[in-house]
1. Mind listing P(r) for region 75-160? All alpha-carbon pairs, 5 Å bins, whole percents.
2. Counting other Cβ atoms within 10 Å of each Cβ, which trypsin sites (Lys or Arg not before Pro) in region 193-223 have at most 10 and sit in a DSSP loop?
3. Going down the table (Lys129/Lys242; Lys123/Lys205; Lys205/Lys242; Lys103/Lys181; Lys181/Lys242), which pairs top 22 Å between alpha carbons?
4. Give the residue list of trypsin sites (Lys or Arg not before Pro) in region 52-143 that are DSSP loop and have at most 11 other beta-carbon atoms within 10 angstrom.
5. I'd like the FRET efficiency for Gln104 and Leu70, computed as 1/(1 + (r/R0)^6) with the beta carbon distance as r and R0 of 30 Å, rounded to 0.05.
6. Say R0 is 51 Å: what FRET efficiency, to the nearest 0.05, do Lys205 and Tyr117 get from their beta-carbon distance?
7. Give me the Å³ per residue figure for the convex hull around the C-alpha atoms of region 74-244.
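Just so you know, all these numbers are worked out from the coordinates, no wet-lab data involved. Please read these numbers as outputs of a predicted model, since none were measured by experiment. Note: ideal-geometry Cβ built from the backbone for every residue, glycine included; neighbour counts use all protein chains shown.
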Amino acid sequence: MRSLAFSLLMGAATAAGAAGWDADTCAVCGAGAAAGREGAHAVVVAAAADTSARGSLLTRYDRRVHRYRLQWQSLIPTQTVVQFAGNMGLLSFGVGWEYGRHKQWETHLLFGFLPRYGSDRAKVTMTLKENFIPWSIYLKRGWAVEPLSVGLYFNTVFGPEFWRSQPARYPDSYYPFLSTKVRVNVFAGQRVELVLPSNRRKFVKSITAFYELSTCDLYLRALVQDGSVSLCDIFGLSLGLKFQLF
């Protein structure tokens with residue numbers, strides 16, 4: 001339909017041009033050219049209305065397929081993350097998703113590397129992290145500051161040395177309510193973001209540098225039970241980079 005409307009418009013424009021060329025010598029031909037232009041405009045309007053009507057008459061099947069595709073598209077990661085330290089390994093890499101009305105919520109899935117140090121072997125960690133960024137302050141030239149970011153994350157270390165429930169070799173309630181398999185962490189931090197100009201983007205839309213101060217359930221328990229442990233002893237510093245893909 002769009003191709004037909006475009007062909008009719010071009011034909012009407014050509015006819016109108018020819019009629020306009022003879023208008024100086026024939027008033028009747030000039031009137032015909034004006035009528036031709038009005039007719040071509042009416043054809044274009046009718047074609048657009050027909051196309052809009054066809055687009056709005058989606059069947060129930062079409063709407064279901066559209067929703068299905070949107071749901072799967074929401075699973076595509078929009079971020080890549082690199083983080084140093086933070087009770088999740090020496091260095092962690094992962095992907096992330098952002099959502100919310102103002103994109104203030106983020107979910108990150110990271111895999112980290114823990115060197116051997118004094119143990120028998122190096123280890124791999126996995127972290128599921130939820131971030132909340134209440135607001136962002138735009139500065140200029142693409143720079144923005146996020147004064148506060150808070151959240152929590154669950155971390156586990158792969159290996160037989162870590163368990164979900166207390167082994168029988170320990171006395172009853174030796175490790176009450178806590179396991180060595182999963183650690184629950186909370187954090188607070190700040191961020192600085194640089195949004196790249198559209199003509200300079202190749203792989204990422206923006207780059208964000210951040211720091212976080214975090215602690216875990218085990219350290220909080222020690223703070224409560226051991227009077228010699230202070231707040232400075234239970235918090236750790238981590239640094240990271242977030243690359244916004246699109």
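1. Bin by bin from 0 Å, the calculated values are 3, 13, 20, 20, 17, 12, 7, 5, 3, 1, 0.
2. Numbers: sites: Arg200, Arg201, Lys202, Lys205, Arg221; in loops: Arg201, Lys202, Lys205.
Answer in residue order: Lys202.
3. Working: Lys129/Lys242 13 Å; Lys123/Lys205 33 Å; Lys205/Lys242 11 Å; Lys103/Lys181 32 Å; Lys181/Lys242 27 Å.
Distance filter (> 22 Å) returns Lys123/Lys205; Lys103/Lys181; Lys181/Lys242.
4. Values: sites: Arg54, Arg60, Arg63, Arg64, Arg67, Arg69, Arg101, Lys103, Arg116, Arg121, Lys123, Lys129, Lys140, Arg141; in loops: Arg101, Lys103, Arg116, Arg121, Lys140, Arg141.
Within region 52-143, the qualifying trypsin sites (Lys or Arg not before Pro) (loop, at most 11 other Cβ atoms within 10 Å) are Arg101, Arg116, Arg121, Lys140, Arg141.
5. Numbers: r = 21 Å, r/R0 = 0.69.
Once rounded, the FRET efficiency stands at 0.90.
6. Details: r = 38 Å, r/R0 = 0.74.
The calculated FRET efficiency here is 0.85.
7. Working: hull volume 26.5 nm³, N = 171.
That works out to 155 Å³ per residue.
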